[in-house]
There are 2 protein chains.
Amino acid sequence: MLEETKQLIDSEMTILNEGDVASPQGFVAGGLHVGLRREKNDFGWLYSSVPANCAAVYTQNAFKAAPLQVTEASINLEHKLSAVVINSAIANACTGERGLEDAKQTQNWVASKLHIPEHEIAVASTGLIGEFLPMDKISFGVDNINIYNESQSENFNEAILTTDTNTKHIAVEVEIDNKIVTVGGTCKGSGMIHPNMATMLGFMTTDANVGVDDLNYLLKGSVDDTFNMITVDGDTSTNDMVILLANGESKSTMLTQSHPDWEKFANAVKYVSEYLAKSIARDGEGATKLIKAHVTGAQTKEQNNIIAKTIVGSSLVKTAVHGCDPNFGRIAASIGYGDQTVNPSDINVWLCGHLLVKNGMINEYDELDLKAKMEQDTIDIHAVVGDTEHQSTAYGCDLSYDYVKINALYRT
Amino acid sequence: MLEETKQLIDSEMTILNEGDVASPQGFVAGGLHVGLRREKNDFGWLYSSVPANCAAVYTQNAFKAAPLQVTEASINLEHKLSAVVINSAIANACTGERGLEDAKQTQNWVASKLHIPEHEIAVASTGLIGEFLPMDKISFGVDNINIYNESQSENFNEAILTTDTNTKHIAVEVEIDNKIVTVGGTCKGSGMIHPNMATMLGFMTTDANVGVDDLNYLLKGSVDDTFNMITVDGDTSTNDMVILLANGESKSTMLTQSHPDWEKFANAVKYVSEYLAKSIARDGEGATKLIKAHVTGAQTKEQNNIIAKTIVGSSLVKTAVHGCDPNFGRIAASIGYGDQTVNPSDINVWLCGHLLVKNGMINEYDELDLKAKMEQDTIDIHAVVGDTEHQSTAYGCDLSYDYVKINALYRT
């Protein structure tokens, strides 16, 4: 069946639409219901048959949740992971010493169960802030980890969700020195999504053979261009983390940045990262549309990124998109406050292919055709703000009644 | 009647709740319907019988609307104004050369009508971006400016509104050297409201005798602590401006920063400024509640301000307040991403008087009592994030279904 969904996007990469974090060789993933959520899976695990080299990025929120603190300290010891366990529903954030002890206890149980060192285990939580984990349920979950059944990764993909409406996963294959190397990923994230890691958990795996330094370099670059370029509501969470594991089980040659196929491999990781990030933006809380803002020409790469993120983060742009309203003025205004150094007369903006702003002024366009295009589920905004070579793409979603509904009534 | 609404807040200041921009001596204001809005007043004027010293602050958006550009250039010539004319419904922003010419034409017409120099006239517009002013309607408005009828300032207060649901105005009196000095103000602003001047027009007047430099110093400080500490939707507009005019018509002695009553006068200006800013936040688009965040103890005043603004700007805090949900986790998270240098264990947060976060951890509270308090129309959040003396107060509003409705359907 997987064969049927393989899709060749170019001669270099094969897309496995049903692939996920367990697609690369040597990884298994699973999940089950332990009673944290009403009925859906809420406890998941990812396991590598050999310790995998690990790169990770964490939230920049000063309130770093307990599991993140424990995981970061563990990874920093050897930069190797054999397992990741995750629970949804409760974030174990703002839980002080007891939260840290709970996270360490989870590590300890998993270590005993799987006969691996504690520091090779990452723990992650997502959900409500400020509640303690019910450790009996976590213990039940650990007892039921099953790393011998390879066909249950869809349970993992579901177990990490909170308000997400669908699972988010992909895998791609590339050929390196006559070996197939696979890169897979699964993520969650729906609200509290903003650049610099939000309530977003991303797990990427590969059976390539890559050292920790190269892996970190690759992950940092990929996350900056993808996960850090999405926004749902501008709120940066306490629990975000993206992990990239490489276990070498494809038996490929060692990949370094000087290897002739490094770019091919890096593109595979970037593709998975971008696919997952887009799927988070598209599934933003209450979202009905994906907004893609492609910006070129700002004075610096950072200013260019900020403009793109400001456009997709603007509540006024988001509500206009929700109402299929070609309100170019709000896009122009968001560019102007995203970067106060732009010169309005240099600015051109296209919305769904129509040139709306020409040299900083309104341009005539076919309103009927544009409004029809805005009914589609992806809204493309393209802004040229100057003549430099900088390019950025940010992803967001519309702001709907349902966003308010979901968030006004989350706890109660 | 005004006497009845006078309210003595302390021995130093008398509040005139029905006062406005025309309360100080020598100022008149008026407005009428010229056909830009469906039926409400949409064209207003403010006139000083003698040229008034003028201080002003403008939006920081790179797209500065045509009337702002023209007004800024005019004020910079002599820092004196005799008149301000305003239209609502159309912002005259992103309108290029023609927009500038329209703003100058308006100035020119007013100069002829009132026999004053063009550069003593400020022009302001608020409303939809990217449309040209219908100059026949503006011309009609100018022809009907009437500076001899002193009792029509309520027409001015209405003429400057867009999606506002009510007029916003106040005046206060202080006694200086045995003379009554009055400070009055009128403002508008409902959406696209964010620190650093949003779609917000603020006009403050006083009959005190104050030089331009002291006036600018006073305005800058007042705006930083009030208008720049409110947020509705995080979007910074192209048209924001706050003006403070002093015409000396109280015949008071010259006020300088070294005058013994300077603080008394400065407090009056600050009071008017704060009252107007709060009234904007409370009347944010779709708002049902005012959110007040008082923060103390960050390392710098700027960090302290950012934390306060981040709390009231967080979509998740705003929706939680809308749902009367004491979701302390979202408040803590917003503090943690507002300032990534805070130490979570130093943080204490009170919501409507209940201590929710104690040393960075959840604290037990009476949920029933707190939920009842959250039904009130002002929600107080108090956060201590460290032990410095810095204090900031920011104002915002909840995020409701109506915000989405208003903004998804604004143009169509």
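Of all the listed residues (A:Thr226, A:Thr231), the sole one being crowded, with 24+ Cβ neighbours inside 10 Å, at negative phi and within 14 Å of chain B (Cβ to nearest Cβ) is A:Thr231. Of the residues making up the stretch A:310-325, those that are crowded, with 24+ Cβ neighbours inside 10 Å, in contact (Cβ under 8 Å) with a residue 24 or more places away in the chain and under 20 Å from A:Gln376 (Cβ atoms) are A:Ile311, A:Val312, A:Val317, A:Lys318, A:Thr319, A:Val321, A:His322. Listed conditions (1) among the hydrophobic types (A, V, I, L, M, F, W, C); (2) over 24 Å from B:Thr163 (Cβ atoms); (3) touching a His at 6+ places or on another chain (Cβ under 9 Å) are all met by B:Val404, apart from (2).
Residues in the stretch B:66-108 that are out of contact with any strand residue (DSSP E or B) (no Cβ under 6 Å at 6 or more places or on another chain), under 19 Å from B:Phe203 (Cα atoms) and of a type in the set (Ser, Thr, Tyr): B:Ser74, B:Ser88. Inside the stretch A:196-208, residues that are modelled with pLDDT under 65 and either touching a Leu at 6+ places or on another chain (Cβ under 9 Å) or more than 10 Å from chain B (Cβ to nearest Cβ) (or both) make up a count of 0. For the stretch B:78-99, the set of residues classified as within 18 Å of the chain's Cα centre (by Cα) and farther than 16 Å from B:Phe156 by Cβ consists of B:Ala91 only.
Residues checked against (1) part of a strand (DSSP E or B); (2) within 14 Å of chain B (Cβ to nearest Cβ); (3) within 30 Å of A:Asn327 (Cβ to Cβ):
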{"position": "A:Val242", "(1), (2), (3)": "yes, no, no"}
{"position": "A:Leu245", "(1), (2), (3)": "yes, no, no"}
{"position": "A:Ser250", "(1), (2), (3)": "no, no, no"}
{"position": "A:Gln257", "(1), (2), (3)": "no, no, no"}
{"position": "A:Ala281", "(1), (2), (3)": "no, no, yes"}
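You will find that of B:Tyr365, B:Tyr337, the residue that is buried (at least 24 other Cβ atoms within 10 Å of the Cβ) and assigned by TED's automatic domain parsing to the domain that holds B:Leu399 is B:Tyr337 and no other.
Okay, residues lined up against (1) farther than 19 Å from B:Val223 by Cβ; (2) among the hydrophobic types (A, V, I, L, M, F, W, C):
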| residue | (1), (2) |
| --- | --- |
| B:Ala268 | no, yes |
| B:Lys278 | no, no |
| B:Ala281 | no, yes |
| B:Gly286 | yes, no |
| B:Ile311 | yes, yes |
| B:Ser314 | yes, no |
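Would you please name the residue that is farthest from the other protein chains (Cβ to nearest Cβ), looking only at residues in the stretch A:67-77 that are in contact (Cβ under 8 Å) with a residue 40 or more places away in the chain and under 20 Å from the mean Cα position of the chain (by Cα)? Looking at residues that are in contact (Cβ under 8 Å) with a residue 40 or more places away in the chain and under 20 Å from the mean Cα position of the chain (by Cα), I get A:Ile75. Within the stretch B:212-223, does at least one residue satisfy the condition of being surrounded by 24 or more Cβ atoms within 10 Å (Cβ to Cβ), within 26 Å of B:Glu72 (Cα to Cα) and within 14 Å of chain A (Cβ to nearest Cβ)? No, the conditions are met nowhere in the stretch B:212-223.
For the stretch A:125-152, a residue qualifies if it is at pLDDT 95 or above and farther than 16 Å from A:Ser112 by Cβ, and the qualifying residues are A:Leu133, A:Pro134, A:Asp136, A:Lys137. Count of the stretch A:260-284 residues, restricted to those that are over 30 Å from A:Thr319 (Cα atoms) and in contact with a Leu (Cβ under 8 Å, 6 or more places away or on another chain), is 5.
For the stretch A:96-116, the set of residues classified as in a loop (DSSP other than H, G, I, E, B) and either surrounded by 15 or more Cβ atoms within 10 Å (Cβ to Cβ) or touching a Lys or Arg at 6+ places or on another chain (Cβ under 6 Å) (or both) consists of A:Ile116 only. Of all residues in the stretch A:30-73, those being buried (at least 24 other Cβ atoms within 10 Å of the Cβ) and either in a helix (DSSP H, G or I) or outside the structural domain of A:Gly19 (by TED's automatic domain parsing) (or both) number 5.
Determine, yes or no, whether B:Ala171 is touching a residue at least 40 places away in the same chain (Cβ under 8 Å) and within 14 Å of another protein chain (Cβ to nearest Cβ).
Details: touching a residue at least 40 places away in the same chain (Cβ under 8 Å): yes; within 14 Å of another protein chain (Cβ to nearest Cβ): no.
Taking the combined requirement at face value, the residue does not satisfy it.
Considering each of B:Ser88, B:Ser153 in turn, give the residue that is in contact (Cβ under 8 Å) with a residue 40 or more places away in the chain and in contact with a Lys or Arg (Cβ under 7 Å, 6 or more places away or on another chain). Residue meeting the stated conditions: B:Ser88.
How many residues does the stretch B:246-261 contain that are hydrophobic (A, V, I, L, M, F, W, C) and free of Cβ contacts under 8 Å to residues at least 12 places away in the same chain? Residues meeting the conditions: 0.
For (1) under 21 Å from B:Met374 (Cα atoms); (2) outside the structural domain of B:Cys187 (by TED's automatic domain parsing), each residue gets a yes or a no:
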| site | (1), (2) |
| --- | --- |
| B:Met241 | no, no |
| B:Gly248 | no, no |
| B:His294 | yes, yes |
| B:Gly297 | no, yes |
| B:Val321 | yes, yes |
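Take B:Ala408 and decide whether it is over 25 Å from B:Ile307 (Cβ atoms) and crowded, with 17+ Cβ neighbours inside 10 Å. So B:Ala408 passes the test.
The values are calculated or read from the model by the stated rules, or taken from the named source; none is laboratory data. As the structure is a prediction and not an experimental result, all values here were calculated from the model. Reconstructed Cβ throughout: ideal geometry from the backbone, glycine too, with neighbour counts over all protein chains shown.
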